[in-house]
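Below is one structure; the comments refer to it alone.
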2 protein chains.
Amino acid sequence: MGRESMIETLSETKSHSGIQGVYRHESKTTGTPMTFSVFVPDHRPTHKLPVLTYLSGLTCDHSNVTEKGEFRAACAQYGIVFVAPDTSPRGAGVADAEGYDIGQGAGFYVDATEPPWSQHFRMRSYIEDELPALIAAHFPVDGARQSIMGHSMGGHGALTIGLRNPGRYRSISALAPIVAPSQVPWGHKALGAYLGDDRDAWRAYDAVALIEDRARVDELLVDQGSADQFLDEQLRPGLLREACERAGIALTLTLQEGYDHSYYFISTFMAEHVAWHAARLNV
Amino acid sequence: MGRESMIETLSETKSHSGIQGVYRHESKTTGTPMTFSVFVPDHRPTHKLPVLTYLSGLTCDHSNVTEKGEFRAACAQYGIVFVAPDTSPRGAGVADAEGYDIGQGAGFYVDATEPPWSQHFRMRSYIEDELPALIAAHFPVDGARQSIMGHSMGGHGALTIGLRNPGRYRSISALAPIVAPSQVPWGHKALGAYLGDDRDAWRAYDAVALIEDRARVDELLVDQGSADQFLDEQLRPGLLREACERAGIALTLTLQEGYDHSYYFISTFMAEHVAWHAARLNV
């Protein structure tokens, strides 16, 4: 096994009858160390489990959902491995900028083409290619049974990665996702910086644009809090609803009354999302 | 309502169909501002709910269990209000000391008699008297249906407060509690500092000594991880088992294989503890 596929165990802790681990590896995609967490439920030694990858939102790393996401009870119940990567490369030698919505902690799951970001900010390839291979090499997973979900910027990541890779994920869901970054301030700033001014290049990183450009999946599950402070300006789930209606994609979009953008919202609906994925993974 | 019984709302967030709040008040017991969290499940407007108070361990404040404890799903299911106070008075004018195991964040649920601690460190009276009255004045609770639990130093708090107030709590449980502070290093340091060298004064703050001195409850529930790094030196659950056997107290003590002292352990067994309390509160 080459050095590029080795992982370092930072911690492994028993929880909900399984093992919650935190690991680090030298990513050849980002050219930096990358940290991620994996929950492996209790299972028979020879058994391979399905995998649910969770992509986090702005400012987060692996630890936020790992500590506050309340996913372990459901993943233990259904026998699903839960993978939580970081949201960007990090470190002293990595480009950064003022503001929580660009640079470290704000990778937007793109392969950046503009300097200085293009050197390390390759989160699309990291999540689509390098991380799944690393997980398959080190954990008891069945790579044929994968699903993906995410929150906010991570919901954008889950939707766009899922739409760009039809057939690869059994199911795709999002909590309070950014559905059309090309049409909102967070996306203007991030996609402009990472990809430059040519808006055609943004379309591969915009769920609504991907659907307009004929990317297809069978169904999507999205929950959105009605009291989310970013709802009207940054998230705009109605744009996804319209795009799915036109494209014939079965979107289950629920506006959850009174919920905000925080982990108090995420943890409330996490078990329902895990159960929804489980119904599609355990077949 | 006097100023001493007013509370300030720091945040109220919808979660698991209820409201997770964080509040602050001027405590007349400690002479400081005190912060605490309360989860109120969804309920009929005129309905009064039972209360479960959770006491946290060394270094914690209200936020640790509030974010990582995974209690809300179970409390919502059973209709139980969950109260999480701080572990000590805090602030620039409050005594403190080097070390995580004494001073701010380490009140040990005692009324200190020794200077400089005696001025503010009155967590026994705060938890036994002031906080329950404050909760009753501001939240939809049925004060006749109370239970108490805690972790580590907070498990010590739950056990000693429960044992000193027979009949007041419908049920008492602990996760990895300090059961005999008089016999372990953490307790020697804290009780010696807060109460002085007269070990007779320590006995009111030692669950095993209270049972030896004829404090009685019907039953106790304790879970303890077998991989807890503090098990043999600081926690010593066997001392509680022996004391309960001699006293005829029905202790359900389970050594949970492979679990450590962290919130990964707490969150695993939280729902079972809430369900156990619910069976005793909802009657």
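The values are calculated or read from the model by the stated rules, or taken from the named source; none is laboratory data. For clarity, every value in this text was computed on a predicted model and none was experimentally measured. Glycine also receives a Cβ, built like all others from the backbone with ideal geometry; neighbour counts cover every protein chain displayed. For the accessible areas, the whole protein counts, side chains as well, though only heavy atoms, and no ligand, DNA or RNA atoms are used. Shrake-Rupley method; radii C 1.70, N 1.55, O 1.52, S 1.80 Å.
How about segment A:92-185: which chymotrypsin sites (Phe, Trp or Tyr not before Pro) there lie in a loop by DSSP and see at most 14 other Cβ atoms within 10 Å?
The qualifying sites are A:Tyr100.
Which single residue of chain B puts its beta carbon nearest to the axis of rotation relating B to A, and what distance, in whole Å, does that give?
B:Glu70, 3
Just give the residues from segment A:249-283 buried by at least 30 square angstrom of accessible area in the all-chains context relative to the isolated chain, probe 1.4 Å, and say none if nothing qualifies.
Going by heavy-atom accessible area, the residues of segment A:249-283 that drop by at least 30 Å² are A:Tyr259, A:Tyr264, A:Thr268.
If one takes the accessible area of chain A alone plus chain B alone and subtracts that of the pair, with a 1.4 Å probe, what total in Å², rounded to the nearest 100, results?
Buried area (both sides, nearest 100 Å²): 1800 Å².
Please list the non-local residues whose amide H lies under 5 Å from the amide H of A:Gly18, H modeled 1.01 Å from N, same-chain partners needing a gap of 5 or more.
Here A:Asp42 satisfy the definition.
Could you give the radius of gyration (one decimal) and Dmax (whole number) of the Cα atoms in the protein assembly as shown, in Å?
Rg, Dmax (Cα atoms, Å): 25.5, 79.
Between segment B:49-65 and segment A:98-123, what is the separation of their alpha carbon centroids in Å?
If we compute the Cα centre of each part, the gap is 39 Å.
For chain A, which longest stretch is free of loop sites, where a loop site is one of the GluC sites (Glu not before Pro) that DSSP puts outside H, G, I, E and B and that has at most 10 other Cβ atoms within 10 Å?
A:99-256
Provide the per-residue ³J(HN,Hα) series for segment B:250-264, in order, calculated from phi with Karplus coefficients 6.51, -1.76, 1.60 and θ = phi - 60°, each as a whole number of Hz, with x at glycine and proline positions.
For segment B:250-264, the Karplus curve yields 7, 9, 9, 10, 10, 8, 8, 4, x, 8, 9, 9, 8, 5, 5 Hz.
Give a residue-ordered list of calculated ³J(HN,Hα) values for segment B:54-59 (Karplus: 6.51 cos²θ - 1.76 cosθ + 1.60, θ = phi - 60°; whole Hz; x for Gly, Pro).
Result, ordered by residue: 10, 9, 8, x, 3, 6 Hz.
Evaluate the charge dipole of the protein assembly as shown about its Cα centre and quote only its size in Debye, nearest 20, assuming +1 on the Cβ of each Lys and Arg and -1 on the Cβ of each Asp and Glu.
Computed about the Cα centre, the dipole is about 1120 debye.
Show log10 I(q)/I(0) for segment A:131-267 at q = 0.13, 0.21 Å⁻¹, two decimals, from a solvent-free Debye sum over equal Cα scatterers.
Summing over Cα pairs of segment A:131-267 leads to -0.56, -1.25.
Below 14 angstrom from the Cβ of A:Gln20, what's the summed charge of the other residues (Lys, Arg +1; Asp, Glu -1)? Could you put the intermediate results ahead of the total?
Details: positive: A:Lys14, A:Lys68, A:Arg72, B:Lys68; negative: A:Glu12, A:Asp42, A:Glu67, A:Glu70, B:Glu70, B:Asp260.
Here the count lands on -2.
How large are Rg and Dmax for segment A:177-234 when only the alpha carbon atoms are used, in Å?
Just the Cα atoms of segment A:177-234 yield Rg and Dmax of 12.5, 34 Å.
Can you tell which of A:Pro115, A:Pro237, A:Pro45 shows the greatest fluctuation in a Gaussian network model of chain A with Cα springs below 10 Å?
Among A:Pro115, A:Pro237, A:Pro45, the largest mean-square fluctuation in the Gaussian network model of chain A belongs to A:Pro45.
Return the lysines within reach of A:Lys14: Cα separation strictly under 24 angstrom, same-chain partners fewer than 8 residues apart disregarded; answer none if there are no such residues.
In chain and number order, the partners are A:Lys48, A:Lys68, B:Lys68.
May I ask for the net charge around B:Thr59, where only other residues with Cβ less than 15 Å from the Cβ of B:Thr59 are counted and Lys, Arg are +1 while Asp, Glu are -1?
Overall, the nearby charge balance is -3.
Show me, for segment B:268-278, the HN-Hα J-couplings you get by feeding each phi into the Karplus relation (A = 6.51, B = -1.76, C = 1.60, θ = phi - 60°), rounded to Hz, glycine and proline as x.
3J(HN,Hα) across segment B:268-278, in whole Hz: 5, 9, 4, 4, 5, 5, 4, 5, 5, 5, 4.
When only alpha-carbon atoms count, how far does chain B stretch along each of its three principal axes, as whole angstroms with the largest first?
49, 42, 32
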